[in-house]
Amino acid sequence: MDDKVSPVLDTPEPSVEKGDVEDHEVFKKTSEGVDFRTVGWIKASSIFLKIMFAVGVLSIPAAMYTLGAVGGSLSVIVWGLFNTYTGVILGNFRERHPGCHSIADMAELVGGAVVREITGFLFIVAYILCAGAGIIGVATGLNALSHHATCTVWWALISTVVIALTASVRKLQGIGWLTYVGFASIYIAVFIVVVAVTQRARPAAAPQTGDFELGYRAIAYPDFANGMVASSTIFYSSCATSAFLPVVSEMRNPKDYRKALYTCMIIVTGSYLCFSLVVYRWCGKWVAVPSLGSAGQTMKMVAYGVGLIGLVVSACVYVHIAAKYIFVRVLRNSRHLQSNTITHWATWLGCTCGLSALAFIFAEAIPIFNYLTAMTGSVCFAPIAMALPGWLWIHDHPNYRTGTTAQKVVYWLHVALIPLGALFFVGGTYGVILQITNAYASGLIGSAFSCADNSNSS
């Protein structure tokens, strides 16, 4: 590169010749065996939207109570822009290095085998926890719809079986059709709640007679632990760009990635900001977690009835993405990867069913929705969605360190992403562990694998 400052969102120069890019792709376009390369950018946008607009949106209003309306709004906007930019970094890096199927492949290029294994482990755990949050959401919905007709563990187990079956669809092309319905389902459900809370004289969870404190604050002053948990929760709601990479590997034209990314992030960030502000303004500290239960029992049942498909599809996509990482890792460069062999099917079904089972266990071990999402944001996504993108950018732009003054500033800003990730990893994890410990001590969490009604419908 020359000494002029290139735009931060520049068009990357691939590290391989243009004609060889296709040879480096994990999945080859083929007329024999299984052709995974069938996803267009519009369907990719739908998959991205379903990855993002899922369990995260249901916990933002509660986080706003901790941060206040101003702090919460700024967090939604800033984290939305931040996660969009790190998504661009991942896309640019993959375009330069088209053999990367996952964030772990990228980590290996910059840090070697050890960093790859750590990143791969965090990636798998992250989406198992995301799927676990989805299982909690589905079980909560089934409890609400049935007035807690049976033990919550049974609802969670039924949810897990359905999620495992849908996640076992091999190609994202097939999952893509589900995401259209799933996104519409959860979006409409959240919109129903947003409208419904504005029609109530007071929040459904607040005392229905006498004076009460709404708890709406424009400015809040949380302590370190609670502030980190709330910020991690909002960061988590739009940080899953690492899950976009396996989708890119199944796109007909991976260069269309940015169109899908921008479409997704504009819709997600705008919707998060509008929906969460309205719910927080009308519910204050009485907002339910998940927020679909904030408008009273009747509207709770309506919202969960509409949104249940969306919650199932969300968890399905999370399991599918994590399973596809392991599947490719095991069968890469073998004939079984794109052939209908027994090894192919046994590996794939073993991945989806095994990860679904682990998600069920996590969901029952940490059965409070917002704690699970905050834990995922701090433990898993802080390293792979904050720190690692900075490292990837540094790897591809080493000349900026000794370049012009402007280039040096840009370089060190990306270096700063690494300690930022470390701060949220340590601070967020400390905060959420403290909250989980207090919840067990106070009886808010009764026990792991509890039959108690988590929807407050009985």
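None of the figures in this text is laboratory data; all of them are computed from the coordinates on show. These numbers were taken from a predicted model, which means no experiment stands behind them. Positions of Cβ are backbone-derived with ideal geometry, glycine not excepted, and every protein chain shown enters the neighbour counts.
Our note on the geometry: Cα centres of the stretch 162-183 and the stretch 257-316, 20 Å apart.
Rounded to whole numbers, the Karplus 3J(HN,Hα) couplings from phi for the stretch 293-299 are x, 7, 10, x, 4, 5, 6 Hz, using 6.51 cos²θ - 1.76 cosθ + 1.60 with θ = phi - 60°, and x at Gly and Pro.
When 241, 373 are sorted by how many other C-beta atoms sit within 10 angstrom of their C-beta, beginning with the fewest, the order is 241, 373.
Let me know the number of lysine pairs in the chain closer than 15 Å at the Cα, not counting same-chain pairs under 8 apart. Let's see the in-between values first.
Working: 4/408; 18/255; 28/171; 29/171; 43/171; 43/255; 43/259; 171/324.
Lysine pairs meeting the criterion: 8.
Counted by neighbouring Cβ atoms within 10 Å, the residues 66, 404, 209 run from fewest to most as 209, 404, 66. Residues 277, 417, ranked from the fewest to the most other C-beta atoms within 10 Å, line up as 277, 417. Applying a 4.7 Å Cβ-Cβ cutoff to the chain leaves 100, 130, 239, 264, 274, 283, 316, 351, 353, 380 as cysteine residues with no disulfide-compatible partner. By how many degrees, 0 to 90 and rounded to 10, does the Cα axis of helix 41-52 deviate from the longest principal axis of the chain? Around 40 degrees separate the two axes. Under 5 Å from the amide H of residue 295 lie the amide H atoms of 300, each residue being 5 or more positions distant or on a separate chain, with H modelled from the backbone and absent for Pro and chain starts.
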